[in-house]
Amino acid sequence: MAKTPEISIEEKLRQLYALQKIDSKIDEIEVLKGELPMEVSDLEDEITGLETRLKNLNDTVKDIEKEGQKFTTRITEGEGLIKKYTKQLDDVKNNREFDALNKELEMQKLEIQLAEKKAKENADKVAVKTAVVKEVKDKLKSKKANLDLKKEELKSIVAKTEKEEKALRKNASAAEALIDERLLKAYHRIRKNYRNGLALVTI
């Protein structure tokens, strides 16, 4: 495609500056949106991590409670055996039987004491983990509420700026068509190298 006839440096600068103004407005829109998608993505990652942690914690609580059930069962069994051996003491025929039953009674009492100690330790573990579960649930609820707000905010910005951005990009394409290809490449290169995206400024 043939280029426009030779124009003055001043006119070239005016064309570049017009393009710069359009690009700066597009940049403003991108900055406005740019942080929100990142924040939304970060929150989604955090929520996924918290949900995984919550599942693992709930599984751990179930395992500890299951373990605790064993101690409760052991206590019940021990108490049953104590009743049985105590009843048998009434029917002993000699000292050997009496001593054997007393040893069994003593053993069961010790077993019950140990099971009660383990059951208490187990209950303490459940209490600690349950407190952590509540903390994670609260954090998860807060993050989800924050995510909903950020998504709404992003949706609102996109809805407001979509029309303007399309028009600006159309204008930018029209402005670029008027500029010499070599100048345009230099302009884009400079814009890329500066964080503020300014290749041309007024003095």
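Before moving on, here are some points about what is shown:
- Distance in nm between pseudo-label sites at Ala127 and Glu153 (7 Å out along the Cβ direction from Cα): 4.1
- Neighbour-limited loop hits for trypsin sites (Lys or Arg not before Pro), the range 74-136 (at most 16 other Cβ within 10 Å; DSSP other than H, G, I, E, B): Lys93
- Residues of type lysines that Lys83 reaches as a straight line, Cα spacing below 27 Å, ignoring anything fewer than 8 places off in the same chain: Lys66, Lys70, Lys93, Lys103, Lys109, Lys117, Lys118, Lys120
- Across Asp42, Asp63, the residue with the most accessible area heads the list, and the full order at a 1.4 Å probe is Asp63, Asp42.
- Cut-off 11 Å, label 7 Å out along Cα→Cβ of Arg53, residues of the range 138-158 by amide N: 138-140
- Remark: relative contact order (the chain) = 42 percent; criterion is Cα-Cα distance under 8 angstrom and separation of 6 or more residues.
- Of the listed residues Phe71, Phe98, the order by accessible area with a 1.4 Å probe, largest first, is Phe98, Phe71.
- Percent accessible area from carbon and sulfur atoms, the range 29-80, protein chains only, probe 1.4 Å: 54
- Think of it as helices only: each DSSP H run of n ≥ 4 in the chain is worth -39500 (n - 2.57), and spread over all residues that comes to -33000 deg cm²/dmol at 222 nm.
- Look at where the Cα atoms of the range 76-128 and of the range 40-56 average out, and the two centres are 48 Å apart.
- Where the chain is the region considered: accessible area per residue in Å², 1.4 Å probe: 75
- Temperature 25 °C, viscosity 0.890 mPa s: under these conditions the Stokes-Einstein estimate for the range 44-185, based on its Kirkwood radius over C-alpha pairs, is 111 µm² per second.
- Prolate is the label for the range 21-93, because a/c, from the alpha-carbon gyration tensor with a ≥ b ≥ c as root eigenvalues, is 1.5 or above and a/b exceeds b/c.
- Near-label residues of the range 17-54 by backbone N, under 16 Å of a point 7 Å along Cα→Cβ of Leu183: 17-23
- The gain in end-to-end length when the Thr76 to Asp42 segment is fully stretched comes to 7.1 nm, 0.36 nm per residue minus the alpha carbon separation.
The values are calculated or read from the model by the stated rules, or taken from the named source; none is laboratory data. All values derive from a computational prediction rather than experimental measurement. Quick reminder, even Gly has a Cβ in these numbers, built from the backbone with ideal geometry, and neighbours come from all protein chains shown. The area values use the complete protein model at the heavy-atom level, side chains included, leaving out ligands, DNA and RNA. Shrake-Rupley method; radii C 1.70, N 1.55, O 1.52, S 1.80 Å.
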